[in-house]
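Only one structure is covered here, and it is reproduced in the block below.
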């Protein structure tokens with residue numbers, strides 16, 4: 001069975017202005033563009049391919065701040081609500097990628113998030129679903145948005161290792177990011193590899209090859225590492241940013 005992958009970063013209850021979120025988003029798009037040639041341009045989603053290609057959005061902070069400020073003026077909005085953005089990379093189905101961003105929300109129930117869905121087939125999939133590329137995408141999220149936790153894995157692996165009621169931050173994937181706010185990481189078994197992300201956190205990479213839920217060795221390794229991280233207090237639900 002072919003597995004579907006995603007990359008996501010999450011943080012809770014951090015209120016920020018439209019301008020601050022726009023600056024973070026600009027930094028993210030700039031870093032994302034260096035990860036793969038298919039991730040340079042972004043468009044608003046629409047009903048048809050032809051219509052969507054007419055709505056390219058600029059990824060600089062000034063343009064993004066205008067979008068977020070327009071959202072701030074919408075009727076029925078609460079002062080603590082965040083700002084959102086969704087996009088598609090303008091590629092055909094084979095190379096299509098999409099992303100969703102929610103930033104600046106003060107809620108302690110619904111997390112702020114940046115989620116990227118990579119290509120699902122063809123040469124673009126083979127390029128992007130490589131450990132170094134996914135590591136760079138997750139690192140871009142960590143540097144730009146300073147999340148508490150992030151992950152790159154397959155939907156199938158997530159379903160295998162978590163209950164439906166599992167809360168964000170309580171499991172690991174192929175690649176997992178931990179902010180330093182969570183504390184130091186314990187010793188981890190081979191072939192697990194860790195990489196620092198500036199002064200913000202650590203990236204844990206379970207395997208150099210693509211992790212799959214159908215590989216019993218991958219599943220066993222993930223469970224072993226999960227137990228070690230849980231004992232060290234790393235696998236806990238997201239906390240409000242000011243705690």
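Within the bounds of the range 67-74, is there any residue that is in contact with a strand residue (DSSP E or B) (Cβ under 6 Å, 6 or more places away or on another chain), surrounded by 20 or more Cβ atoms within 10 Å (Cβ to Cβ) and more than 24 Å from residue 155 (Cα to Cα)?
Checked against the condition, which is being in contact with a strand residue (DSSP E or B) (Cβ under 6 Å, 6 or more places away or on another chain), surrounded by 20 or more Cβ atoms within 10 Å (Cβ to Cβ) and more than 24 Å from residue 155 (Cα to Cα), the range 67-74 yields at least one hit.
I'm told residue 142 meets every condition in (1) under 26 Å from residue 203 (Cα atoms); (2) part of a loop (DSSP other than H, G, I, E, B); (3) in contact with a strand residue (DSSP E or B) (Cβ under 7 Å, 6 or more places away or on another chain) except one. Can you identify the failing condition by its number?
Tallying (1) under 26 Å from residue 203 (Cα atoms); (2) part of a loop (DSSP other than H, G, I, E, B); (3) in contact with a strand residue (DSSP E or B) (Cβ under 7 Å, 6 or more places away or on another chain), residue 142 fails exactly one: (2).
Restricting the range 180-217 to residues that are outside any loop (DSSP other than H, G, I, E, B) and touching a helix residue (DSSP H, G or I) at 6+ places or on another chain (Cβ under 8 Å), which is surrounded by the most Cβ atoms within 10 Å (Cβ to Cβ)?
Among residues in the range 180-217 that are outside any loop (DSSP other than H, G, I, E, B) and touching a helix residue (DSSP H, G or I) at 6+ places or on another chain (Cβ under 8 Å), the one surrounded by the most Cβ atoms within 10 Å (Cβ to Cβ) is 201.
Which ones in the range 70-91 are more than 20 Å from residue 107 (Cβ to Cβ) and touching a helix residue (DSSP H, G or I) at 6+ places or on another chain (Cβ under 8 Å)?
88, 89, 90, 91
Looking at residue 94, is it surrounded by fewer than 21 Cβ atoms within 10 Å (Cβ to Cβ), at pLDDT 90 or above, out of contact with any strand residue (DSSP E or B) (no Cβ under 9 Å at 6 or more places or on another chain) and over 19 Å from residue 21 (Cβ atoms)?
Taking the combined requirement at face value, the residue does not satisfy it.
The values are calculated or read from the model by the stated rules, or taken from the named source; none is laboratory data. Nothing here was measured: the structure is a model prediction, and the numbers come from that model. Glycine also receives a Cβ, built like all others from the backbone with ideal geometry; neighbour counts cover every protein chain displayed.
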